[in-house]
1. Just read off the accessible area of Asp130 with the full protein assembly in place, 1.4 Å probe, to the nearest 10 Å².
2. Quick query: amide H of Glu377 versus all other amide H atoms, modeled in the peptide plane; which residues come in under 5 Å with a sequence gap of 5 or more or a different chain?
3. According to the square roots a ≥ b ≥ c of the eigenvalues of the Cα gyration tensor, what is the shape class of the stretch 258-392, taking rounded for a/c under 1.5, prolate for a/b larger than b/c otherwise, and oblate for the remainder?
4. Given the DSSP H assignment, sum -39500 (n - 2.57) over each helix run of at least 4 residues in the chain and divide by its residue total; what's the result at 222 nm in deg cm²/dmol, nearest 500?
5. What are the residues whose amide H is under 5 Å from the amide H of Trp284, where those residues sit 5 or more places off or on another chain and H is modelled from the backbone?
6. State, to one decimal in nm², a quarter of the convex hull surface area for the C-alpha atoms of the chain, i.e. the direction-averaged projected area.
7. How much length is gained on full extension from Ala44 to Leu141, taking 0.36 nm per residue of separation minus their Cα-Cα distance?
8. In whole Hz and in residue order, list the ³J(HN,Hα) couplings for the stretch 47-55 that follow from phi through the Karplus curve 6.51 cos²θ - 1.76 cosθ + 1.60, θ = phi - 60°; x for Gly and Pro.
Amino acid sequence: MKTKNMGFNTKLIHSGEFEDQFGSATVPIYQTSTFKFKNAQHGADCFSGASAGYIYTRIANPTIRALENNIAELENGYDGIATSSGMAAITSVYMAQLAAGSHIISTASVYGPARVVLEKDFSRFGVEADFVNTADMNAILSAIKKNTKVLYIETPSNPTMDISDIKACAEIAKKHNLVLVVDNTFATPYLQKPLDLGADVVLHSVTKFINGHADIVGGIIITKDKDLYEKIRHAMVYMGCNMDPHQAYLVLRGLKTLVLRVERNQENAIKVAHFLESHPKIAWIRYPGLASHPQFELAKKQMSGSGSMISFGVKGGLEAGRKLMDSVHLATLAVSLGGVETLIQHPASMTHASVNKEEKVKAGITDDLVRLSVGIEDVQDIIEDLDQALKIV
Ligand code: LCS
């Protein structure tokens, strides 16, 4: 079905679907590693590109293509590249866009491993990286060098909830001939469309909101144009970062309810944020939907909702935060985010443990920061759980 001019919910349900010989109503799992050629010439034609048939699942697979086509439409992009994890999406983009002697500027409070892989691994191949507060345009401008090739932003950022101005970043990128990459994991394509704001590449850990059920790990990259798409797909295929058909099937299934889930996640998060903000034991809170957030106005302009990720500090610092995490019953003490269940974790010692201590503090990932991913349970239960835990602190 042609869904290009239809609404977002219709795209969620129908984009990427195709007719098969049995009239399947949903996209089946094509659990096959390889595909039969009709004859030797057909096989040669598939490899040369003269024929469009499937060859081998690392290169492409019908179930995976359905997911790629769907999310490409949601993001208003050229095409999608699904990967085995969000980190596989990130490293495929780095591999395609960076080379020995090139330089990347990234958000200081980016997801820990997205930073560490540049510092510890890509650096061995002569890639330079600088991590700055990308919410500050002057910080970006003063980090640009002759060899800068990529401006990489994560907005809202994990876990400090900093908001970078995608439109302003796109103007800088255009002027300095940089590829602008946006990690849109926290916002989802429902709340934020980076390609419409001028980004060249958008990526997600689909492990999070897009799948939404905490049962798979996966990633996806969407590009604005064909050239970038081909370069990044090459990197993904040759490094073997592909998604698996069964994984793609589960993501397609979770994706259908993205709007329903994100709406409820967010409705709950707003109430939880107000509860925490007014609680006497809370030292500070960062949530883009609160007027106290430093980029509240920008968040309102560039996102159509404030999402469901909250960072906060408990009075009494690290020890008080630990006590809170040990005292909750409903919220699960676990990393990851964006699911139907409420999760709580401690970035400094968990998701961002691999980042150098000094750099962590510079990026705002302080020891007292507790991160909450608000689920879709009954909000009074989430609040009561936090309230009883705060009483123990
Ligand atoms: N981008 C963002 C913004 C993330 O939060 C994560 C994972 C990734 C990329 C990487 O995706 P993955 O390979 O895990 O699918 N963030 C995690 C977190 O905050 N807790 O656990 C994983």
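The values are calculated or read from the model by the stated rules, or taken from the named source; none is laboratory data. The model shown is predicted, which means the values in this text are computed figures rather than measured ones. Quick reminder, even Gly has a Cβ in these numbers, built from the backbone with ideal geometry, and neighbours come from all protein chains shown. These accessible areas exclude ligands, DNA and RNA; they are computed on the full protein's heavy atoms, side chains included. Shrake-Rupley method; radii C 1.70, N 1.55, O 1.52, S 1.80 Å.
1. Roughly 60 Å² of Asp130 is accessible to a 1.4 Å probe.
2. Sorted by chain and number, the residues that satisfy this are Thr342.
3. Numbers: a/c = 1.44, a/b = 1.13, b/c = 1.27.
Rounded shape, in that the Cα axes give a/c under 1.5.
4. On the way: 15 runs with 150 residues, N = 393.
Helices in the chain give a 222 nm mean residue ellipticity of -11000 deg cm²/dmol.
5. Gly313
6. Working: hull surface 78.9 nm².
Result: 19.7 nm².
7. Values: separation 97, 0.36 × 97 = 34.92 nm, distance 4.88 nm.
Additional length available on full extension: 30.0 nm.
8. Here the 3J(HN,Hα) series is 5, 7, x, 5, 10, 9, x, 6, 10 Hz.
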